[in-house]
Amino acid sequence: MSTYRAPRGTRDLLPGERPAWRHLADVARGLSDAYGYREIETPLFELAEVFERGVGPVTDIVEKELFRIQPRTDDGEIWALRPEGTAGIVRAYVQHGMQTWPQPVKLMLLGPMFRYDRPQAGRYRQFWQWDVEAIGDAGPAVDAEIVELGLRFYREAGLEDVEVLVNSIGDPGCRPAYIDELSAFYRRHEATLPPLERQRLESNPLRLLDSKDPAVAHLNDDAPRITDRLCDACAEHFAEVRAHLDALGVEHRVEPRLVRGLDYYTRTAFEYYRRGREGQQQALGGGGRYDGLTELLGGRPTPGIGFALGLDRVVLALAETGAELPVEKPPIAVVVGADPGATAERLRVATDLRAEGLRVRADLAVRKLGRQLEAAAKEGAHFAIILGDELADGHVQLRDLQGATQKIMDIDDLPALLLRKSQDG
Ligand code: HAM
């Protein structure tokens, strides 16, 4: 039994699982190209302040879930592993003067994020997101473009039943009055609130709207709705986002209680779910507009919008729907030999074939031909290339492991034949 295990909330993604992940990354990269999102990479850790200011000091992510890195000296900087991509990307936008680039600057990032949350199904301490951001466009058309892009991703990834919930959470002009009204509403029912929600009422009353506590959920049926309290500009923006979604034929459901757990959002907010699975930890992805974030991180006021899709949850959902996941491809051929000790020969033939672009393994174990052939068949290789005495005059035996036939052939004819067979699948 091994003594060491991967830390709780993390896991090893073993070779057999990787093709499914690679497929998702390929779909994400392909769509990023098609929609004009250019790839960026930011450090896996940043000054903790980037997240504290960006995501917000009284969010779960900052209060409970930041992996802070202990400074190495007393006056050292305090860093944190990135819990999400947006704050770091906007930090990079400001740092590199991207406001002087043609706007909007459309960026995408594919990589791991870290949140110190209680692990459970679909909730990990290290998880992967595909994040896209369009910075420098106030919308509303780009909002619809991004919402549609997310849906397109799920469809191409193989999930058919994903729907999007949309909302507008107003802006610093109209939201404060709404929050006052909401606080007053909850205060009238304070006695029925559980202790955690009572605390939230003081720090961030909006969070009560997506509370999973049954008592609060029941109360929320009568809570004032932000969609009825938007200022004219926000209401018009939201109506236009919806009109653009309609123009694209994108079905969407308005959910007035959708507020998202990060402070930087203004106006458009959205989340993706599998139909009928809007429970806790089930969001496949989410995003929204953050028109104040660039300024908050030291840049000029610049609007922005983006989303992050949780790839771990997509892999889980695909497995659950029984979708056929991509699998590892075996080599087209394995080079084996009658003389167990002639490993240099086998290695040389395999190296030459690989130089032709073929996926070929050499059996480098010093073992009998029968064992080498067994291993090749078990691996699922289509052919075994058997080296024997005839190699001296440039010939090999080619055994079709699937058709159980064997023929002698000129070694120079191998690449063309194997390439053809590789392309046949
Ligand atoms: P978020 O809603 O915190 O948004 O995360 C987006 C998605 O990441 C979630 O819907 C979920 O699928 C996945 N996710 C989050 N936490 C975990 C976890 N512990 N385990 C597995 N999956 C998880 C953001 O991160 C924003 N930065 C999105 C954004 C981009 N907004 C604007 N631009």
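Structure notes:
- The residue list 238, 185 contains one member that is free of Cβ contacts under 8 Å to residues at least 40 places away in the same chain and aromatic (Phe, Trp, Tyr), which is 185.
- When 179, 135 are checked against the criterion of being of a type in the set (Val, Ile, Thr) and over 19 Å from residue 32 (Cβ atoms), a single residue qualifies: 179.
- Boolean, residue 211 is under 24 Å from residue 313 (Cβ atoms), at pLDDT below 95 and of a type in the set (S, T, N, Q): yes
- Any hit, segment 10-18, residues being in a loop (DSSP other than H, G, I, E, B) and among the basic types (Lys, Arg): yes
- Selection of segment 1-30 for residues being within 16 Å of the ligand (Cβ to nearest atom), within 19 Å of residue 131 (Cβ to Cβ) and of a type in the set (Gly, Ala, Ser) yields 25, 28.
- The residue that is surrounded by the most Cβ atoms within 10 Å (Cβ to Cβ), among those in segment 121-133 that are near the ligand (Cβ under 9 Å from one of its atoms) and farther than 19 Å from residue 157 by Cβ, is 133.
- Number of residues in segment 356-378 that are more than 20 Å from residue 403 (Cα to Cα) and small (Gly, Ala, Ser): the value is 3.
- Candidates 226, 146 - the one that is touching a residue at least 24 places away in the same chain (Cβ under 8 Å), touching a helix residue (DSSP H, G or I) at 6+ places or on another chain (Cβ under 7 Å) and crowded, with 17+ Cβ neighbours inside 10 Å: 226
- Filtered by the rule that a residue be within 19 Å of residue 356 (Cα to Cα) and either out of contact with any strand residue (DSSP E or B) (no Cβ under 8 Å at 6 or more places or on another chain) or surrounded by 15 or more Cβ atoms within 10 Å (Cβ to Cβ) (or both), segment 398-416 gives 398, 409, 411, 412, 413, 414, 415, 416.
- Here is the figure for segment 312-347: residues that are surrounded by 13 or more Cβ atoms within 10 Å (Cβ to Cβ), away from the ligand (no atom under 16 Å from the Cβ) and among the basic types (Lys, Arg) total 1.
- Only helices (runs of 4 or more DSSP H) whose full extent lies in segment 31-103 are considered here, and the ones with at least 2 residues that are away from the ligand (no atom under 12 Å from the Cβ) and under 21 Å from residue 265 (Cα atoms) are 48-55, 86-95.
Each row is one residue, and each column tells you yes or no for (1) modelled with pLDDT of 95 or more; (2) of a type in the set (Lys, Arg); (3) on the phi > 0 side of the Ramachandran plot.
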| site | (1), (2), (3) |
| --- | --- |
| 370 | yes, no, no |
| 384 | yes, no, no |
| 388 | yes, no, no |
| 394 | yes, no, yes |
| 400 | yes, no, no |
| 404 | no, no, yes |
| 418 | yes, no, no |
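- Filter pass, residue 309 being surrounded by 24 or more Cβ atoms within 10 Å (Cβ to Cβ) and either within 8 Å of the ligand (Cβ to nearest atom) or acidic (Asp, Glu) (or both): yes
- Among residues of segment 75-130 being closer than 15 Å to residue 38 by Cβ and among the aromatic types (Phe, Trp, Tyr), the one that is farthest from the chain's Cα centre (by Cα) is 101.
- Answer from 258, 262 - the residue that is more than 9 Å from the ligand (Cβ to nearest atom), farther than 14 Å from residue 149 by Cα and buried (at least 19 other Cβ atoms within 10 Å of the Cβ): 258
- The sole residue among 347, 358 that is of a type outside the set (Ser, Thr, Tyr), part of a loop (DSSP other than H, G, I, E, B) and under 40 Å from the mean Cα position of the chain (by Cα) is 358.
The values are calculated or read from the model by the stated rules, or taken from the named source; none is laboratory data. In this text, all values refer to a predicted model and were calculated from it rather than measured experimentally. Backbone-built Cβ (ideal geometry, glycine too); neighbour counts: all protein chains shown.
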